[in-house]
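Okay, so here's the structure we're looking at.
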Protein chains: 4
Amino acid sequence: MPVKQRARKDEDKQARRRSILDAAGRMLRERGYADLTMAEVARHCRLAKGTLYLYFSSKEAMFLAALEQELSTWFDGLLEGLAEMRPDRDETRRIAETIATSLASQPTLLDLLTIVHNVLEQNIEFDTALSFKQMLAQRLEFGGAIFERALPGLPRGEGQRLLLRIYAAVVGLRQMSDPSPVVAKVLERPDIRCLRVDFQTELRETIIDLVRGAQARRVADA
Amino acid sequence: MPVKQRARKDEDKQARRRSILDAAGRMLRERGYADLTMAEVARHCRLAKGTLYLYFSSKEAMFLAALEQELSTWFDGLLEGLAEMRPDRDETRRIAETIATSLASQPTLLDLLTIVHNVLEQNIEFDTALSFKQMLAQRLEFGGAIFERALPGLPRGEGQRLLLRIYAAVVGLRQMSDPSPVVAKVLERPDIRCLRVDFQTELRETIIDLVRGAQARRVADA
Amino acid sequence: MPVKQRARKDEDKQARRRSILDAAGRMLRERGYADLTMAEVARHCRLAKGTLYLYFSSKEAMFLAALEQELSTWFDGLLEGLAEMRPDRDETRRIAETIATSLASQPTLLDLLTIVHNVLEQNIEFDTALSFKQMLAQRLEFGGAIFERALPGLPRGEGQRLLLRIYAAVVGLRQMSDPSPVVAKVLERPDIRCLRVDFQTELRETIIDLVRGAQARRVADA
Amino acid sequence: MPVKQRARKDEDKQARRRSILDAAGRMLRERGYADLTMAEVARHCRLAKGTLYLYFSSKEAMFLAALEQELSTWFDGLLEGLAEMRPDRDETRRIAETIATSLASQPTLLDLLTIVHNVLEQNIEFDTALSFKQMLAQRLEFGGAIFERALPGLPRGEGQRLLLRIYAAVVGLRQMSDPSPVVAKVLERPDIRCLRVDFQTELRETIIDLVRGAQARRVADA
DNA sequence: AATGAATGAGGATTCATTCAT
DNA sequence: TATGAATGAATCCTCATTCAT
């Protein structure tokens, strides 16, 4: 529901900002970053191209803001969900399942994660980067603590590292499981099938292994 | 040692092809994919731009060939090294260390891995993609077998999956550990430090955890 | 008199569009279609290259628009002149003379006619082609009616066909009478002289013959 | 049937030359001049690109030679046919019909005529142009004489002029009757139908009118 | 705050032609 | 005579960004 006319009040501006990010995210999935032009995004929010630059300093900054929004929202939802869980025998599997399932339903977020380092972080200003990284650092800290509480046997400080590794796995697995049309065709061949990756399954299992590995480490290191 | 003049014999052509890929790889690290033009690559092999297109059908195909070369060479070296190892008490750590160390010394390979899904696989023909994926599939099969032999307690077929997960981790960790200049500056701040990632260390530990997790799974599933 | 600054009003846009077409037509005569670049045209209207693409979707579309303008202007002037004539004994010769003379003074129009089928109509969209052809069809209809009124003894419906044949003669004669420098040199030789064609004279006589032939046909067919 | 191996004897060379021109003509109809590359022509004669340049100094010269061949062959056939005719009451119509029918069955020739002035005569040497024009001048002379003999009432010298006008009409009508795919679609519309031209019919009628006009002129001028 | 016309740098790709073998 | 690898000029068009209104 785009804001009409001029956004004078700060609250209107925030709403307009969000409507831009929504459009950007929506279009991203359809057209891909490289093929998506600022003109297209503008058209879809029923704004002029120039207006986008009143809210974001560049195309990259705009999509980084979209990512910041998607990621923090998702993260908060996840942590909230995790915090509610009480320790359980099969806690690890439940956590892994939760993460994998919720992520798999966020294609826009995953698309953004795929380009964040290569593209989005290339043409931005210090402050933009800082804001994004602070959001990330904060979630990392909070999330790490929750992990350590939820997963018995996790050495102190390992929660954060675990999260970082899961983050890396998400990025890597997404790329492998989201091939271009031509590659998708190649992956249909029987001799290439082994390279096919189902994002959700593989992420879940990876997380489980990472957690168990981390738990085992304590013993091994001792 | 570039081929002189016209490469008429097939062996000369292969040499020229390789010299182009060398130049492409070298330039990639210096300038990054987006800022690197075909003209620059051509200049650095002392060839004309058009000549590059005699050997590769597009910029993407050229860099995918560079990756195919780098990756298969590295992979073969690794597997050879692994095959020589005899089972050991701390086999897992040795394997992880070998992989992480050898990869960390291959920045070109890592840069290519970072763009392979987003960029290289976007503008190529079926056959180009097929060739690349077949190389991968073959290494995966062979490598998976070696893993299963070297790592006791690894369920049958898990060697391949393990490799795929390591591959994903490599891609993700590389992106996190290779920030753009602006982001690097941000990462110097004390409150952001936690987002810094040392590729080699983190990869090694991730591999160890993934292996242990996979080994533990057998027990857990039993 | 080029439009200053940004053309915001529709009337300014039309003026700018026209100034582009003027420059394009002017340059065409000097450099020829193939040797004329969009950059050159842009420079001559003191606009940026990209601006040309705000007004025309391609080089071909731009020159087709130039032709549409030149042709309709010329046509309207001609028809106006013809409409004023009152039937005369030597009406045919006067009409032929008028057409040939006025066309001979429009080298840009003639150059455009020479490339319209081979070049301009090759890379355009349906709508662009439609607009051009509709202009043509309308003039053909109107012009055909005037011909039939002005030229006694012309069978009903023959006015349009006559116009089409004159159109064809214009295209063919222009090509023969406008040789490249090398060919012009060849045409200076006594044994080749017979291939020289004076556009205006030959067109005039051709028109006269076509008219008389059409008038005679009625008798012959009867 | 391409000549095998090296063409040493002059007769072999001529055969090879002709096989190149055949391939060039054949491909021209399929792909159009602009889209047709020397590599393609070479491939279709099973020769190397460089070999083409042993026989022709440029792409333009090659197609001009193709035209020279097609045109002289067609012309000779026509004149032979005309020479055999004995004067007749409806001689004019028979001649017109003969010309139109035979031309309509030579699409390659017509395609070449369409580009001869715009393209082929632009990048050739004096001698190439001279050879072509001499062939033309000779046919014009011979053909003019035949016309004057066959068509009673044709003023002396008018045979050549008549031929030139027919030539012009051929070029112009071919362009109008051979639209690009997009334009062809436009021409299907009822309001644009009037611009459709059937080459053979229209040429025949045009020739008849031109002849009758020329014959009438004598009377009018007297 | 919003607009959208103007900018112009930027680059992959093609292909006629050459020439060493 | 034949080859085909090498050349490199040549150019259209895109699109992120700016800025006058």
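The values are calculated or read from the model by the stated rules, or taken from the named source; none is laboratory data. Here the structure is a predicted model, which means the values were calculated and not measured. When we count neighbours, we look across all protein chains shown, and the Cβ atoms used for this are built from the backbone with ideal geometry, even at glycine.
With the condition kept exactly as written, say whether any residue in the stretch B:61-70 is touching a Ser or Thr at 6+ places or on another chain (Cβ under 7 Å), in the same structural domain as B:ARG139 (by TED's automatic domain parsing) and over 15 Å from B:VAL119 (Cα atoms). Yes: one or more hits. If you go through the stretch B:1-58 and keep only what is of a type in the set (S, T, N, Q) and over 20 Å from B:THR73 (Cα atoms), you end up with B:GLN5, B:THR37, B:THR51, B:SER57, B:SER58.
When the stretch D:178-199 is examined, which residues are found to be outside any helix (DSSP H, G or I) and under 20 Å from D:PRO107 (Cα atoms)? Outline the logic, then answer.
Step one: of the stretch D:178-199, the residues outside any helix (DSSP H, G or I) are D:178-180, D:187-192, D:196-198.
Passing the criteria: D:ASP178, D:PRO179, D:SER180, D:ARG196, D:VAL197, D:ASP198.
Residues checked against (1) more than 17 Å from C:ILE99 (Cα to Cα); (2) under 19 Å from the mean Cα position of the chain (by Cα):
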position: C:PHE142; (1), (2): no, yes
position: C:GLU148; (1), (2): no, no
position: C:ILE166; (1), (2): no, yes
position: C:VAL182; (1), (2): yes, no
position: C:ARG217; (1), (2): yes, no
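Out of all the residues in the stretch B:12-30, is one or more farther than 25 Å from A:VAL183 by Cβ, over 17 Å from the mean Cα position of the chain (by Cα) and more than 14 Å from DNA strand F (Cβ to nearest atom)? Yes, some residue in the stretch B:12-30 is farther than 25 Å from A:VAL183 by Cβ, over 17 Å from the mean Cα position of the chain (by Cα) and more than 14 Å from DNA strand F (Cβ to nearest atom). Per the conditions (1) over 24 Å from B:LEU203 (Cα atoms); (2) at pLDDT 90 or above, the sole criterion not satisfied by A:THR114 is (1).
As a summary of the residue check, D:GLU148 satisfies the conditions (1) assigned to a helix (DSSP H, G or I); (2) more than 9 Å from chain C (Cβ to nearest Cβ); (3) farther than 25 Å from C:VAL116 by Cα; (4) touching a residue at least 12 places away in the same chain (Cβ under 8 Å) except for the one numbered (4).
Every test in (1) within 11 Å of DNA strand E (Cβ to nearest atom); (2) assigned to a helix (DSSP H, G or I) is passed by B:ARG26 save one, and that test is (1).
Considering (1) closer than 22 Å to D:VAL171 by Cβ; (2) over 18 Å from the mean Cα position of the chain (by Cα); (3) more than 16 Å from DNA strand F (Cβ to nearest atom), the lone condition that D:ALA83 does not fulfil carries the number (1). Applying the set (1) more than 16 Å from DNA strand E (Cβ to nearest atom); (2) within 14 Å of chain B (Cβ to nearest Cβ); (3) under 29 Å from B:HIS117 (Cβ atoms) to A:ASN118 leaves exactly one unmet item: (1).
Number of residues in the stretch B:171-201 that are facing another protein chain (nearest Cβ under 7 Å) and under 23 Å from A:ALA216 (Cβ atoms) equals 3.
Quick check: anything in the stretch D:152-159 more than 7 Å from chain C (Cβ to nearest Cβ), at negative phi and part of a helix (DSSP H, G or I)? Yes, the stretch D:152-159 contains at least one residue that is more than 7 Å from chain C (Cβ to nearest Cβ), at negative phi and part of a helix (DSSP H, G or I). Take the conditions within 16 Å of DNA strand F (Cβ to nearest atom) and either without any contact (Cβ under 8 Å) to a residue 12 or more places away in the chain or buried (at least 18 other Cβ atoms within 10 Å of the Cβ) (or both) and apply them to D:LEU47. Does it pass? When the stated conditions are applied, D:LEU47 passes them. Selection over the stretch D:202-222 of residues that are at the interface with chain C (Cβ under 7 Å from one of its Cβ atoms) and outside any helix (DSSP H, G or I) gives a count of 0. Among the residues making up the stretch B:29-56, those that are within 14 Å of chain A (Cβ to nearest Cβ) and within 7 Å of DNA strand E (Cβ to nearest atom) are B:ASP35, B:LEU36.
When each of D:GLU68, D:GLU91, D:GLU60 is tested for being closer than 28 Å to D:ARG139 by Cβ, within 16 Å of DNA strand E (Cβ to nearest atom) and within 14 Å of chain C (Cβ to nearest Cβ), the lone residue that passes is D:GLU60.
Filtering C:TYR33, C:TYR53 for residues that are touching a helix residue (DSSP H, G or I) at 6+ places or on another chain (Cβ under 6 Å), within 11 Å of DNA strand F (Cβ to nearest atom), hydroxyl-bearing (Ser, Thr, Tyr) and at negative phi leaves a single hit, C:TYR33.
Please specify each residue of the stretch B:130-145 satisfying the condition of being more than 8 Å from chain A (Cβ to nearest Cβ) and of a type in the set (Gly, Ala, Ser).
Step one: filter the stretch B:130-145 for residues more than 8 Å from chain A (Cβ to nearest Cβ), giving B:131-132, B:135, B:138-139, B:142-145.
Of everything in the stretch B:130-145, those that are more than 8 Å from chain A (Cβ to nearest Cβ) and of a type in the set (Gly, Ala, Ser) turn out to be B:SER131, B:GLY143, B:GLY144, B:ALA145.
Scan the stretch B:185-194 and give yes if some residue there is farther than 22 Å from B:GLY25 by Cα, acidic (Asp, Glu) and in contact (Cβ under 8 Å) with a residue 60 or more places away in the chain, otherwise no. Checked the stretch B:185-194: no residue is farther than 22 Å from B:GLY25 by Cα, acidic (Asp, Glu) and in contact (Cβ under 8 Å) with a residue 60 or more places away in the chain. Can B:ASP35 be described as free of Cβ contacts under 8 Å to residues at least 12 places away in the same chain, in a helix (DSSP H, G or I) and not basic (Lys, Arg)? Answer is no for this residue.
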